[in-house]
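The values are calculated or read from the model by the stated rules, or taken from the named source; none is laboratory data. No experiment lies behind these values; they were computed from the predicted model shown. Cβ: placed from backbone, ideal geometry, glycine included. Neighbour counts: every protein chain shown. The accessibility values were calculated without ligands, DNA or RNA, using every heavy atom of the protein model including side chains. Shrake-Rupley method; radii C 1.70, N 1.55, O 1.52, S 1.80 Å.
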Amino acid sequence: FFESSHMSMFRTSSVPRYSDLTVPVHGAPGDGAARRAVVPAVVLCLGSALAAFALTRDASAADATLFAPAAVRPAAGVGITRAPLQASRPHVIRRSAANEAPTARSVSGGAPLADGPSLPHGTAWTWGFATTGLGLVLAGLGLLGLAAPASAFDNALPEYAEYVNVKKRPGVQADDLGLAPRAELKGAPGLKVCGMQGLPPNCFSTSGPDADHAVAPLVPPKGKSQEAAIADIRRVVERYPVGQQNVDGGGFRIVASEPKYLYAQFESLKQGFIDDVEFAADPNGTGILWRTSSRIGVLDVLVNAKRANWILAELEKAGWTAPQLTEATYPEYFQLNTFQKPIPKSMLP
């Protein structure tokens, strides 16, 4: 039911649409997933080409043997001796009494014009089948590589390898991330509102929409510009300890970094759930708007709070005003995610 991070029940739209900021979709060309697909794709192409070449070559050879007239078709396993034909002398193909192989002789029955070593017919076909088989094997390996489950981010815990064959459930990236006018804010710019069905306790945002999900903007030290504040946050995120308090074992990646905006994705260890975390300069103030949210599920088993609190604590050490998420300030979130309260029916699908 849970994977130490989420209960998977809901999904969101997957078509990216952004207002003021362009946020790339996870898995887009240029990231690690695309680079890892290059080798299997090359193997697939090489194997397909090799198999096609071998089949075409064998088909050409068959034209001179399998589909030749019976009178001149060599018996199985009989070698073929080729001789250059002279335009001034007619020739016929006869079988040699010695080896029953077709040999070019003169009409008068003289000695063969040319006899020499030749590749046995069966050997040629054996090589053809072997080449075709090798090509098909390479093509199959390429397909397997392309179809293999996506791996975690590059900084995932080593334990991720134990769960590489577990079906991953990353969810889909919401179509309205980034800073944009929000209807819930009466057209004011803000980050995405926590808005899944029933407002489950797995999201925090400066856009709310209620006291159980709303957080205050982060306040940098006096005199620090918003650009410098976002740069501070990026440095904190970059040194985030993967696996701290047993969360985010699949690693993380900074997806978008601009002077006034930062977007990162964090992945769970076993089932590959991905959470979205954003920070944006408040266009109507000096603070920093922020959001952390699961993509799917109802409960997050405190994952968002544990991640956010680590980042907030590091910012507080640097002189920021960044209050922690606690049970005193968000009782319903903590009580539901620690199973002190049953899940309301309004949150269930």
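Straight Cα distances below 26 angstrom link LYS168 to the lysines LYS192, LYS270, LYS306, with same-chain residues fewer than 8 positions distant left out. Under the shape rule built on the C-alpha gyration tensor, where the axes satisfy a ≥ b ≥ c, region 259-310 is prolate, since a/c reaches at least 1.5 and a/b is greater than b/c. Once backbone amide H atoms are built at 1.01 Å from N, LEU269 has ASP248, GLY249, GLY250 as its partners under 5 Å, excluding neighbours fewer than 5 places away on the same chain.
Where Lys and Arg each count +1 and Asp and Glu each count -1, what net charge lies around LYS317 among other residues with Cβ under 15 Å from its Cβ? Walk me through the numbers on the way to the answer.
Values: positive: LYS224, ARG235, ARG239; negative: ASP232, GLU314, GLU316.
In short, 0.
If R0 is 51 Å, the Cβ-Cβ spacing of ARG239 and LEU136 corresponds to a FRET efficiency of close to 0.60.
What number comes out for the charge environment of LEU199, summing +1 per Lys or Arg and -1 per Asp or Glu over other residues with Cβ under 11 Å away?
Working: positive: none; negative: ASP210, ASP212, GLU332.
Cβ neighbours under 11 Å give a net charge of -3.
Judged by the mean number of other Cβ atoms found within 10 Å, the most tightly packed of the peptides 235-242, 330-337 leads the ranking 330-337, 235-242. Here each label is just a point 7 Å from Cα along the line to Cβ, and for LEU348 and GLU316 those points are 3.7 nm apart.
What number comes out for accessible area per residue over region 301-349 if the probe is 1.4 Å? Units Å², please. The partial results should precede the final answer.
Numbers: 2440 Å² over 49 residues.
Per-residue accessible area for region 301-349 comes out at 50 Å².
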